[in-house]
1. With each run of n ≥ 4 DSSP H residues scored as -39500 (n - 2.57), what mean residue ellipticity at 222 nm is computed for the protein assembly as shown after dividing by its residue count and rounding to the nearest 500 deg cm²/dmol?
2. Is there a quick way to get the dipole size of the protein assembly as shown? I mean about its Cα centre, with the Cβ of Lys and Arg at +1 and of Asp and Glu at -1; what is the value in debye to the nearest 20?
3. Net charge near B:Thr8, counting Lys/Arg +1 and Asp/Glu -1 over other residues with Cβ under 15 Å of its Cβ?
4. So how far apart, in nm, are the two label points at A:Asp39 and A:Ala22 if each is 7 Å from Cα heading toward Cβ?
5. For the pair B:Arg111 and B:Asp63, what calculated FRET efficiency results from E = 1/(1 + (r/R0)^6), where r is the Cβ-Cβ distance and R0 = 45 Å, to the nearest 0.05?
6. Considering Cα pairs under 8 angstrom that are at least six residues apart, work out the relative contact order of chain A and quote it in whole percent.
7. Step through the residues of region B:2-16 one at a time and calculate ³J(HN,Hα) from phi using the Karplus curve (6.51 cos²θ - 1.76 cosθ + 1.60, θ = phi - 60°), rounding each to whole Hz and writing x for Gly and Pro.
8. Which whole-Hz couplings ³J(HN,Hα) result when phi for each residue of region B:45-58 is put into the Karplus expression 6.51 cos²θ - 1.76 cosθ + 1.60, θ = phi - 60°, listed in order with x for Gly and Pro?
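Rule-based calculations on the coordinates, nothing more; no lab input. All values reported here derive from a predicted model rather than from experimental measurement. Don't worry about glycine lacking a Cβ; one is built from the backbone with ideal geometry, like all the others, and counts go over all protein chains shown.
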Amino acid sequence: MEEIKRLHRAGAWAVLPDRYTALRKLLGAILAANPDAPDDQKALLVGSINQFRVMENAVERALADKTAPDVVGLNKIVSQKLDKLNEVLLTFRLKP
Amino acid sequence: MADPKFRTLIHKLLERSKGGKVQWEATAVEGVYQAAFPQYSVKIYSRPNPNVVATDYILEVADNEGQVIDEIRDTDFPDEYENMRDLFNCARSVGLGLDRALDSILAALGRDDPPSAEPPEPPGITDEDVPF
């Protein structure tokens, strides 16, 4: 996710859709591997997957329209998700 | 024809959103707000209707991969227009943090200052005060 933020700042839009896809798959795998996680943690993962899907579509549309996506807005969302996901992933790692 | 369960979904989402029980958040697309649940998520957005001078409201349900499974428009349930509009406004308010901001400002404004003490009466002027 930090790399995605760097790619946003660098304006590397062409490579970003693949990164979003990879991240969504990773989050999906984490969700599938933790079926007993509390509902709020599952909702965070589902919401994050959806956010990156929306982000991917927005960047694809911007590429097609030859417009510049809003870097600050995108990175704000990534940062918010990063902070919350870090907390949740830590609890998964700490599980016995 | 839209699944009638959507009507219940609109009502429940609106009720819970008004009660602050639904965590709406802004997305990468301006004017699109999402709320996530353990298996699915919903998105709501508005768009101008080119045929009439009105705004359409659209509610989408996505699976846990972010893939949209189904959507409804206010035109699917014309009698739910106001509820969908209210739901959108509620999602926008929560998603942008407007409700938190207003609550905070109102709380600050509503804080009563301690009652100010009456200013003391100025001492009456007596002959002794006159310097000449």
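1. On the way: 7 runs with 120 residues, N = 228.
Rounded to the nearest 500, it is -17500 deg cm²/dmol.
2. Working: 28 positive and 37 negative charges, 349 e Å.
So the dipole magnitude of the protein assembly as shown works out to roughly 1680 debye.
3. Values: positive: B:Lys5, B:Arg7, B:Lys12, B:Arg16; negative: B:Asp3, B:Glu15, B:Asp70, B:Asp76, B:Asp79, B:Glu80.
So the surrounding residues net to -2.
4. Modelled inter-label distance: 3.5 nm.
5. Working: r = 46 Å, r/R0 = 1.02.
The value I calculate is 0.45.
6. Values: 54 pairs, mean separation 33.6, N = 96.
Taking the mean separation of contacting Cα pairs over the length of chain A, I get 35 percent.
7. Residue by residue, region B:2-16 yields 5, 4, x, 5, 4, 4, 5, 4, 4, 4, 5, 4, 5, 4, 5 Hz.
8. Working through the residues one at a time gives 8, 10, 7, x, 8, x, 8, 10, 7, 7, 10, 8, 10, 10 Hz.
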